[in-house]
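One structure below.
Taken together, the values in this text are just the output of simple stated rules run on the coordinates, not laboratory data. As the structure is a prediction and not an experimental result, all values here were calculated from the model. Here the Cβ positions follow ideal geometry from the backbone for every residue, glycine too, while neighbour counts run over all protein chains shown.
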Amino acid sequence: MKILRAYKAELDLNNVQKTDCASHAGAARYAYNWGLSRKKEAFSTGAKTPSAIDLHRELNVLKKTELPWMYEVSKCAPQESLRDLDKAFTNFFRRVKEKKAGKKVAVGFPHFKSKKNGLGSFRLTGAIHVFEKSIQLPRLGMLRLKERGYLPMSGAHILNATVSEKAGRWFVSVQVEIEISQPDREQKPVAGVDLGIIRMAQVSDGMIFENPRALKSALTKLKRLQRVVSRRQKGSANRKKSVRQLARAHYRVANLRKDALHKVTTMLTKTRSAIVLENLNVSGMLRNHHLAQAIADVGMYEFRRQLEYKGAWYGCEVLLADRFYPSTKRCSQCGQVKPEMSLGEREYRCDYCSLVIDRDLNAAINLEQLFCSS
Ligand SMILES: [Zn+2]
């Protein structure tokens, strides 16, 4: 089975390269916004809406007269951007159809890209080569990699590369077509997984994944910076500086969390035939102010998302327990359900069969049992 996979690594750019990348991202954004307004125009006048190919042709004419600066960048950047625009419209029309069919979806008309959230990104196709310490891209040439070992070097068929900026740092992501073997479902066990706040994940066989220490300390730093920003005077240079530091800290936390989750989800989907998770109403819980930070940190959505796509690769089924299944209140030994189990109780003590067991482990086992009984 052939699947597409993306690999991302941070770039180590010099100032000239940073400027080059910024112009490419600018050209991509310009083409997207220009194409969007051309499409809107066509909608309002009832004319035939121009496709990505039509728009690209039009843009090439404009380059000669109004947009000579676009010659400075690879023609791929605006071209791929116009393709994305087409895709955005395809998705938009699909959502409109779904809504008409009675599904609850936000239709969301494609909107203009702004520079508010950074310089953005651009995609290049063509000759892309990955080396140990660098990546070679069309037009931009050799770019040094800050992180090694993240991009596939040989044997992989690279389809395209996307360069993006976030909080002052530049990244490259390459899309690769890879062949994966058919998964074997039979020999691997089933696992119930309880996602936690204090503990990242508890597996029904007793395995525990703690929140990494680096994440804990990054979170402490984040909280401190948040306080600093709120104390600084609005509009002051000091505040601007702190806001930048805060953005970097946010970014670091997000990365550490993602890394930690990737390790867990890869390990679980490779070694289990099915995983049962609690189907938490995350949006409801996020409104609860106290829990919000902690739950967001554990990244439940992200956890489920990763499990689901990796499950498809490695042949691991992901099942969600009913939201009302009492995984914490039920005794995993005798099946009795307690009327109450407060958040502070770290141990489950059964009054019927006198089982004493760790709260999270009990929940994980209950989830696993749900699969076996269904
Ligand atoms: Zn019991």
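Tell me the angle of helix 300-314 to the major Cα principal axis of the chain, expressed in degrees between 0 and 90 and rounded to the nearest ten. Tilt of helix 300-314: around 80 degrees. For the pair E347 and R231, the difference between a 0.36 nm per residue extended length and the Cα-Cα distance amounts to 37.7 nm. Highest mean packing comes first when the peptides 166-174, 322-330, 59-67, 27-35 are listed by Cβ atoms within 10 Å, giving 27-35, 166-174, 322-330, 59-67.
Per 0.36 nm of contour for each residue apart, how much would the distance between H129 and Y251 grow if the chain were fully extended, relative to their Cα-Cα spacing? Working shown, then result.
On the way: separation 122, 0.36 × 122 = 43.92 nm, distance 2.80 nm.
Using 0.36 nm per residue and subtracting the Cα-Cα distance, I get 41.1 nm.
If you run the Gaussian network model on the chain, springs between alpha carbon atoms under 10 Å, then out of A191, A274, A106 the most flexible one is A106.
Are any of the pairs K75/K223; K8/K329; K75/K116 more than 32 Å apart by Cα-Cα distance, and if so, which? All intermediate terms of the calculation are to be shown ahead of the outcome.
Values: K75/K223 44 Å; K8/K329 42 Å; K75/K116 24 Å.
Result: K75/K223; K8/K329 exceed 32 Å.
Residues considered: R248, R148, R257. Largest GNM mean-square fluctuation over the chain, using C-alpha springs under 10 Å, is found at R148. A viscosity of 0.890 mPa s and a temperature of 25 °C, combined with the Kirkwood radius over C-alpha pairs in the Stokes-Einstein formula, give region 1-107 a diffusion coefficient of 152 µm²/s.
Scaled against the 2.2 N^0.38 Å expected of a compact globular protein of N residues, the Cα radius of gyration of the chain reads 1.19. Residues of region 64-93 falling in the label zone of T49, defined by backbone nitrogen less than 12 Å from a point 7 Å along Cα to beta-carbon, are 85-93.
Want the number for R213 to R94: 0.36 nm per residue separation, take away the alpha-carbon distance, what's left?
Details: separation 119, 0.36 × 119 = 42.84 nm, distance 4.35 nm.
So the chain would gain 38.5 nm between R213 and R94.
Share of pairwise Cα-Cα distances greater than 28 Å in region 41-189 is 42 percent (whole percent).
Note on Q333 and R148: the model spin-label points, each 7 Å out from Cα along the C-beta direction, lie 5.4 nm apart.
Taking label positions 7 Å along the Cα-Cβ direction at both L355 and K64, the computed distance is 7.8 nm, reported to one decimal. The angle between the Cα long axis of helix 213-231 and the longest principal axis of the Cα atoms of the chain comes to about 60 degrees, rounded to the nearest 10.
Rounded to the nearest 500, what is the chain's calculated 222 nm mean residue ellipticity when only DSSP H runs of at least 4 contribute -39500 (n - 2.57) each, over all residues? All intermediate terms of the calculation are to be shown ahead of the outcome.
On the way: 9 runs with 169 residues, N = 374.
The helix-only estimate for the chain comes to -15500 deg cm²/dmol at 222 nm.
If R0 is 22 Å, the Cβ-Cβ spacing of K104 and L320 corresponds to a FRET efficiency of close to 0.75.
Principal axis extents of the C-alpha atoms in region 73-151 (largest first, rounded to whole Å): 51, 28, 27.
Going by average Cβ neighbours within 10 Å, how do the peptides 124-136, 107-119 rank, with the highest at the top? Please report the intermediate quantities before stating the final value.
On the way: 124-136: 15.2, 107-119: 12.5.
Result, highest mean Cβ count within 10 Å first: 124-136, 107-119.
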